[in-house]
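The values are calculated or read from the model by the stated rules, or taken from the named source; none is laboratory data. Keep in mind the model is a prediction, meaning the values are calculated, not measured. Note that each Cβ is placed from the backbone with ideal geometry, even for glycine, and that neighbours are counted across all protein chains shown.
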Amino acid sequence: MFESMRPPETPAAVPAIGALASFLDLLPALDTTELGEGALIDVLAGAEATKNALSALQARAAVALDTVVRTRHAAEGIPREKAGAGIHTQVALARSESPHMGHRLVGMAKAVVNEMPHTHHALATGRLSEWRATLLVKETACLSVEQRRQVDEQLLADPRVLEGVGTRALVARARKLAYAVSPSAVVDRARRAVNDRRVSLRPAPDTMSILSGLLPVAQGVSVLKALTGEADRLVGIGDGRTRGQIMADTLVERLTGQAMAAAVPVAIQLVMTDRALFHGEGEPAFLPGYGVIPAQVARDLIRRAGGLRAHGTRTADSRAPGSDAGGTDDLPAPQQLAWIRRLYTAPETGDLVAMDSRARIFPAGLARFIETRDQCCRSPWCDAPVRHHDHVLGWAAGGKTTAANSAGLCADCNYSKEASGWRTETVPGDRHTTVITTPTGHHYRSQAPPLPGDTS
Ligand SMILES: [Zn+2]
């Protein structure tokens, strides 16, 4: 879906870049079939140490990039609170990681390079993996720089301590040392963990889904108690459902404010082709926020809603942009228990229809269209949900409020996009395509994911 391109001005003559490039060219040609048992073990161990040492190089490069960008921002007179914007996204794009991971990688790099010399040494000499270094950074994150140095010294001044030590044992040692240098910091960290509370949804087999909540312990216990209490009450008066089913139903009812009889949430958006909806064809549908579902499950969902008021966008080119989808003839009369917004996809291209607006803010229909087309943040490697309906070419610069000039972004990626020296533009493609150009001139291409009906 994404690809990156090296700009022509990259100084390939810089020895470090040249060395890495020739090293990379060399590796696929290394023939392991000719090697004996001992040499193969040496290749395995040597490659592992090399990966670790390369991680240390990446950490140093990220720290240096951070300095260079902040210096440039200062020279450009960018206010202090905005200085450094987009650095983590540059690192993430270069490493084919999400910007969320980019944050962690830059934080880890700064800690290891600037504050944990022994950890850095173990990484750079291949004895410690990037993952284990990350865990050591995490375990000492609550400490002051001085305290962190102390733990680093006590833990790894003698690198032989790493020999044969499992990851869990290493983390336990670091945690014990951190607690010894500052018991209060570790306790405070537990209190701050509340800030990480969140809810997420991920697909499970058989068109089921797993809703998870990371909650402070008291709230987690009280949620469960409320659900088990309701299950006890209903089982007591002869409800035919199992306790698990009642708890699950109660969770949905209390969160959506809707009785389970309605079976379908207040407003979900189904994307499916006309062929799959009306002619029983098997092309899978797409449910934003979940992913691909079988066509029959999508049809069941519509029928179980007890009716349907289509409120969506047909994508066949013959229709006027933005016109309501029709064609509900074969479905029961609307009971309006639920609304399903169907966004048809054009059978030929799988594209959703183009819509536009004169307003600066994307109207609700167009916003839903963008969320459906893009499915998640359009930044390469970013899986975050769409939070911003962004003008690819900014409104102030004459960009229009159209589907073509839009991209769904998460808040973080939108912030990076606005940073100094960044540029995004739409380019022609089979599906909606944008190219991001970072301040270094590197290009990253982002294409909207395929939708039902798309054969490409
Ligand atoms: Zn993003």
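A few comments on the model shown:
- Residue within the stretch 415-429 that is touching a Ser or Thr at 6+ places or on another chain (Cβ under 8 Å), near the ligand (Cβ under 10 Å from one of its atoms), under 29 Å from Met272 (Cβ atoms) and at pLDDT 90 or above present: no
- Candidate set: the stretch 106-132, residues that are closer than 24 Å to Ile17 by Cβ and buried (at least 22 other Cβ atoms within 10 Å of the Cβ); chosen: the one nearest to the chain's Cα centre (by Cα): Val106
- Residue in the stretch 88-100 that is more than 16 Å from the ligand (Cβ to nearest atom), surrounded by 12 or more Cβ atoms within 10 Å (Cβ to Cβ) and either at negative phi or part of a helix (DSSP H, G or I) (or both) present: no
- Subset of the stretch 28-64 (residues that are in contact with a Ser or Thr (Cβ under 9 Å, 6 or more places away or on another chain) and over 15 Å from Ala124 (Cα atoms)): Ala39, Leu40, Val43
- Within the stretch 136-153, considering residues that are aliphatic (A, V, I, L, M) and surrounded by fewer than 19 Cβ atoms within 10 Å (Cβ to Cβ), the one modelled with the lowest pLDDT: Ala141
- Residue in the stretch 382-391 that is of a type in the set (A, V, I, L, M, F, W, C) and more than 9 Å from the ligand (Cβ to nearest atom) present: no
- Among the residues of this structure, Leu215 counts as one that is surrounded by 13 or more Cβ atoms within 10 Å (Cβ to Cβ) and either on the phi > 0 side of the Ramachandran plot or touching a Lys or Arg at 6+ places or on another chain (Cβ under 8 Å) (or both).
- Lone qualifier among Gly398, Gly408, Gly394 - being in contact with a helix residue (DSSP H, G or I) (Cβ under 8 Å, 6 or more places away or on another chain) and either over 29 Å from Leu270 (Cα atoms) or within 13 Å of the ligand (Cβ to nearest atom) (or both): Gly408
- Residue in the stretch 391-403 that is touching a strand residue (DSSP E or B) at 6+ places or on another chain (Cβ under 6 Å), of a type outside the set (Val, Ile, Thr), within 30 Å of Ser200 (Cα to Cα) and surrounded by fewer than 22 Cβ atoms within 10 Å (Cβ to Cβ) present: no
- Among the residues listed as Glu130, Glu115, the single one being more than 16 Å from Thr67 (Cβ to Cβ), touching a helix residue (DSSP H, G or I) at 6+ places or on another chain (Cβ under 9 Å) and away from the ligand (no atom under 16 Å from the Cβ): Glu130
- Where a residue in the stretch 396-415 is within 15 Å of Phe362 (Cβ to Cβ) and its partner, wherever it lies, is more than 8 Å from the ligand (Cβ to nearest atom) and of a type in the set (D, E, K, R), with Cβ under 6 Å and at least six apart: Thr402/Asp356; Ala407/Asp390; Gly408/Glu371; Gly408/Asp374; Leu409/Asp390; Asn414/Asp390
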